[in-house]
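Below is one structure, written out as structure tokens; the observations come after it.
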Amino acid sequence: MSIKNTRLQTSFNKDVNVTLPFASISSVYFAAKDLENNNKLLPRYFYRYNMDSIQNYPEVTYDTEDYIFKVKGPTMKVYKMLLNPAFIQTAKELRVLTMRANGQYDEDEYEDEEPTTLSNQEFDNKIKNIVANSEHVQKMCSITRENFVIGEKISITPCGHLFKTASIKEYLTHYGNNCPMCRHEFN
């Protein structure tokens with residue numbers, strides 16, 4: 001699905017520059033929130049914006065001395081990149097690798113760094129699992145973009161969002177500890 005409103009499309013394609021100090025999860029989250037504050041319609045059109053075009057894809061640079069990511073590109077593409085769990089994980093891993101290579105990474109100092117994922121036990125304790133029924137078939141999993149099927153396992157997050165159980169479990173145990181829809185943290 002694409003966006004037909006040309007003014008809206010123009011605002012989403014306007015170039016932005018984002019600086020992410022320390023490449024931490026919180027800096028990525030705050031950068032995404034800043035983009036939302038400047039354009040309130042970004043979350044609403046998140047799934048409608050067509051990312052297929054590689055034209056004007058965000059440019060990412062990384063300062064290995066100050067551990068700062070710089071992202072430049074169209075507003076919506078930068079926003080979607082920031083909220084992509086793979087980008088967040090890659091940013092964190094690159095920061096840690098660079099700090100280790102520079103001899104500046106102290107395992108004890110970063111041991112209590114903010115958690116990025118849930119354990120399987122935390123997932124089971126925090127996320128309610130149910131079986132999809134007729135009221136769910138008109139709804140769609142935001143991760144897989146597929147409608148729910150009667151009888152399949154689905155999960156409800158504490159913030160009330162529905163996902164296919166296998167998809168949200170993989171997301172929360174491997175990529176992030178927050179809701180992919182509203183960014184509510186589950187710690």
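The values are calculated or read from the model by the stated rules, or taken from the named source; none is laboratory data. Since this is a predicted model, take the numbers as computed values, not measurements. When we count neighbours, we look across all protein chains shown, and the Cβ atoms used for this are built from the backbone with ideal geometry, even at glycine.
Of Lys77, Lys40, Lys72, Lys14, which residue is at pLDDT 80 or above, of a type in the set (Lys, Arg), surrounded by fewer than 19 Cβ atoms within 10 Å (Cβ to Cβ) and within 26 Å of Met140 (Cβ to Cβ)? Break it down into steps so the answer makes sense when it comes.
Working: Lys77 fails: surrounded by fewer than 19 Cβ atoms within 10 Å (Cβ to Cβ); Lys72 fails: within 26 Å of Met140 (Cβ to Cβ); Lys14 fails: within 26 Å of Met140 (Cβ to Cβ).
Step by step, each of Lys77, Lys40, Lys72, Lys14 is checked, and only Lys40 is at pLDDT 80 or above, of a type in the set (Lys, Arg), surrounded by fewer than 19 Cβ atoms within 10 Å (Cβ to Cβ) and within 26 Å of Met140 (Cβ to Cβ).
Go through the stretch 144-187 and give me each residue that's out of contact with any strand residue (DSSP E or B) (no Cβ under 6 Å at 6 or more places or on another chain) and among the hydrophobic types (A, V, I, L, M, F, W, C).
Hits for the stretch 144-187 are Val149, Ile150, Cys159, Ala166, Leu172, Cys179, Met181, Cys182, Phe186.
Identify the residue in the stretch 153-187 that is polar (S, T, N, Q) and assigned to a loop (DSSP other than H, G, I, E, B) and, among all such residues, is modelled with the highest pLDDT. Working first, answer last.
Applying the first criterion (polar (S, T, N, Q)) to the stretch 153-187 yields 155, 157, 165, 167, 173, 177-178, 187.
Now narrow it down to the ones that are assigned to a loop (DSSP other than H, G, I, E, B): 157, 177, 187.
Working: Thr157: 92, Asn177: 83, Asn187: 74.
Only one residue fits best here, namely Thr157.
With respect to Val28, determine if the residue is in a strand (DSSP E or B) and either modelled with pLDDT of 75 or more or surrounded by 13 or more Cβ atoms within 10 Å (Cβ to Cβ) (or both). Walk me through how you get there before you give the answer.
Working: in a strand (DSSP E or B): no; either modelled with pLDDT of 75 or more or surrounded by 13 or more Cβ atoms within 10 Å (Cβ to Cβ) (or both): yes.
The answer is no for Val28.
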